[in-house]
1. I'd like the Karplus ³J(HN,Hα) series for region 356-365: coefficients 6.51, -1.76, 1.60, θ = phi - 60°, whole numbers in Hz, and an x wherever there's a Gly or Pro.
2. Can you give the FRET efficiency to the nearest 0.05 for Asp222 and Ser200, using r as the Cβ-Cβ distance and R₀ = 25 Å?
3. Which of Gly224, Val153, Val268 sits closest to the plus end of the dipole of the chain, meaning its Cα is farthest towards the positive end, when Lys and Arg get +1 and Asp and Glu get -1 on the C-beta?
4. Straight-line reach from Lys364: which lysines fall under 16 Å, measuring Cα to Cα and dropping same-chain residues less than 8 apart?
5. With θ taken as phi - 60° and the coefficients 6.51, -1.76 and 1.60, list the Karplus ³J(HN,Hα) couplings across region 51-57 in order, rounded to whole Hz; mark glycine and proline as x.
6. For the chain, what is the mean residue ellipticity at 222 nm derived from helices alone (per DSSP H run of n ≥ 4: -39500 (n - 2.57); sum divided by total residues; nearest 500 deg cm²/dmol)?
7. Give the residue from Gly303, Leu237, Gln316 lying farthest towards the positive end of the charge dipole for the chain; charges sit on Cβ (+1 for Lys and Arg, -1 for Asp and Glu) and the dipole is referred to the Cα centre.
8. Going highest first, how would you order 258-265, 275-282 by mean Cβ packing within 10 Å?
Amino acid sequence: VHIPFLRPSIPDHETWTPYLEEVYKRKYFTNFGVLHETLCEKMREKYAYPGYDVIMSTNATVAMETVLRTFGAKSTCVVPSFTFPATLHSALNASLEPILCDADPETWDLSVPHLEDLLEKYDVGAVVGLRPYGFQRDISDMLKVCRDRNIPVAIDAAAGLGDVRQQGTIGSEFGQIEVFSLHATKVFAIGEGAAIFAPSDKIDGIRRAMNFGFQEDRTFIDGGNGKLDEIRCAIGLAMLDKIDAEVARRSAIASRYFETFASAGDLVTLPVDVGPTPWQAFPLRFRTKELLGHFESALANKGIETRKYYSPSIRQGYAGRFRNSVEREETPVADDLAQVMLCLPVYGAMTDEEADYIVTEINKITSDMHAHN
Ligand SMILES: Cc1ncc(COP(=O)(O)O)c(C=O)c1O
């Protein structure tokens, strides 16, 4: 038996090539073409909070960088320590100096008390929030802390797009910008890509920033190339047709994991209060890294792949030029989470037999671990 950690949900090519007929007829392949505009419109209708619009980008790293540029922020930017390296890169690439924020031990989101400390201590121009593992929980306490101080927020929600219950929920009265990755490994998968949800009056600035900073009179400000071409927008349109079925299947698998671990005692802590999450993977927090190591290799011996996302933490893993900035704040919770979090596979293409097999093996391994701990 071999159960890979990922099976990409990218739509079959037969489903998206028909969209390209119109594109070839027009001979217009990128720069906000007709498929791009249609995809943005459909994304807005399906998911956006009232007053928000959508624009696509070439990947989430560039999309975050683009959004951060539009803030015109002073030099310092709060960045989570428990995240994927790209979150840090987007701030660095937007010429911001990163200050790390620790994680909350229960939700694994940014720690709001630590964020408040940072906003007192430094002259912060922007905050990068995180939706770890794509969780779609209510983060209004964190958003309020920033709004009360007039600090713009961009949320790295990379793995979080696709649940049908997200309708009308992406965005909020706080005006934060939310960025989702459409990478092959994500739930809403097109290959490389991103979707940016922003208040409607912010879209034009983002569009210019991702189009070399061109202004109406052809002068140009800071920017880059973050546009999504028509070929990948075609894949996006086909993905919209299959996303609900994909997420329904993933949610069913996540529910089985919840049931399976309900009886696992204090060996693991499960995700809490996750909102309408599309389940890119199923994260577990182990009591110790030794227990995690044991569980991980026991599953591997049975042909079941798992993965440690966000490990090492940014604080412990970053060895680049801005190491001094990154070292300024301690992030003990993030450093610890990076050692004790493990993700189980979740994907639409997982068969019932595979899910049964995984659950059966987990039950055997956890009862064995209980017997020895
Ligand atoms: C939290 C987070 N942010 C950003 C990214 C980068 O996304 P992309 O590959 O679209 O640039 C990822 C990718 O896995 C991620 O997990």
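1. In residue order, the calculated couplings are 4, 4, 4, 4, 4, 5, 4, 4, 5, 5 Hz.
2. On the way: r = 23 Å, r/R0 = 0.91.
Computed FRET efficiency for Asp222 and Ser200: 0.65.
3. Value computed over the given set: Gly224.
4. Lys302
5. Along region 51-57, the couplings run x, 9, 10, 10, 9, 8, 9 Hz.
6. On the way: 14 runs with 157 residues, N = 373.
Computed ellipticity for the chain at 222 nm equals -13000 deg cm²/dmol.
7. Farthest towards the positive pole: Leu237.
8. 275-282, 258-265
The values are calculated or read from the model by the stated rules, or taken from the named source; none is laboratory data. Being a predicted model, the structure only gives us computed values, none of them experimental. Methodologically, a virtual Cβ is constructed for each residue, glycine included, from the backbone with ideal geometry; neighbour enumeration extends over all protein chains shown. Ligands, DNA and RNA are stripped out before the accessible areas are found, and what is left, the full protein with its side chains, is counted by its heavy atoms. Shrake-Rupley method; radii C 1.70, N 1.55, O 1.52, S 1.80 Å.
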